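Heads up: the structure comes next, in structure tokens.
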Amino acid sequence: MPSITSRRHPLVLACREARAGGDDQPLLLDGWHLLVEARAAGLTVDAVALGVDPPGAAESAVIDELTAGGTQVETVTADVLQAMSPVRTSSGVIALARRPAGGLARVFDGMPALVVVAVDVQDPGNLGALVRAADAAGATGLIAAGGSADPLGWKALRASMGSAFRLPLARVTDVNDAVSSARLLDIGVVAFVPRGGTPLTRVDLRGAVCLLLGGEGPGLAPTLTEAADVQASIPMTAAVESLNVAVAGALAVYAAAEQRAIFR
């Protein structure tokens, strides 16, 4: 029998609060993939809610491991699970995990630094996809600056598919704080502009570098682009105004990976 049948249970309320986000809230993990990735990354999982359908063998092994480690594991009715889930159709498991350590110092710790700075990327799906691309291409960190979404919010987590648990992340209200930190560490700054910059294939990305990418709409402020060491552009046909920020970021980090021979 399910151990939780009421939508007013404290665990249900905790999940609903985590859905709203905030640096003081735990991570809301919807689905087995995120739960497994969180455990593999060493995150502490405090609570798990399971639907009434029995999990498979691999999922049961994860639950047994969590239970042995002291995680609260509850079985809930379908309507309660749906109340806990942030999506229209729950994937069968919801969990609350503690946020991984972050901050600018951790983001800039890898050398040679390849740090993506997402400026005012408000769409969490785009930001999560950017995190995933950065992780896949061997970036050393990502900074969500200005009005960017929370890279650890549930929508961004679903888009990053676990990369947010591995890639060092930081959030800053003022992007100039990130740029100043990079300058202090002698890290170059490359600002991406839609047109008129140095073609990406001609930009030297072998050394320590920050890649500044603007969000949906206006892109980077002129004060940022003018202060950068390099203004870079990704060549496009005349009919295309701009690229999606996640696409542009993926092209940028893979160009750096190619120059650095990361995959050779």
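The values are calculated or read from the model by the stated rules, or taken from the named source; none is laboratory data. Everything numeric here is computed off the predicted structure, so don't read it as measured data. No Cβ is skipped: glycine too gets one built from the backbone with ideal geometry, and neighbour counts run over all protein chains shown. When the accessible area is computed, the model is the full protein with side chains, heavy atoms only, and any ligands, DNA or RNA have been set aside. Shrake-Rupley method; radii C 1.70, N 1.55, O 1.52, S 1.80 Å.
Listed residues Asp174, Asp150; which is within 19 Å of Gly219 (Cα to Cα), in contact (Cβ under 8 Å) with a residue 60 or more places away in the chain and among the acidic types (Asp, Glu)?
Just a single option satisfies the conditions, and that option is Asp150.
Give me the residue from the stretch 1-28 that is among the polar types (S, T, N, Q) and farther than 15 Å from Val73 by Cα and, out of that set, least open to solvent (accessible area, probe 1.4 Å).
Applying the filter and picking the extreme gives Gln25.
Scan (1) under 19 Å from Glu17 (Cα atoms); (2) in contact with a helix residue (DSSP H, G or I) (Cβ under 9 Å, 6 or more places away or on another chain); (3) in a loop (DSSP other than H, G, I, E, B) for the single condition Gly138 breaks and write down its number.
(1)
Having 3 or more residues that are in contact with a strand residue (DSSP E or B) (Cβ under 9 Å, 6 or more places away or on another chain) and open to solvent by less than 30 Å² (accessible area, probe 1.4 Å) is the bar; report the strands (runs of 3 or more DSSP E) wholly within the stretch 29-134 that clear it.
45-50, 93-97, 114-119
Any idea which residue in the stretch 86-142 is farthest from Ser60 (Cα to Cα), counting only those that are among the polar types (S, T, N, Q) and at pLDDT 95 or above?
Out of the qualifying residues, it is Gln122.
Which one of these is out of contact with any Asp or Glu (no Cβ under 6 Å at 6 or more places or on another chain), farther than 15 Å from Cys210 by Cβ and among the hydrophobic types (A, V, I, L, M, F, W, C): Ala118, Ala129, Ala105, Ala144?
Ala129
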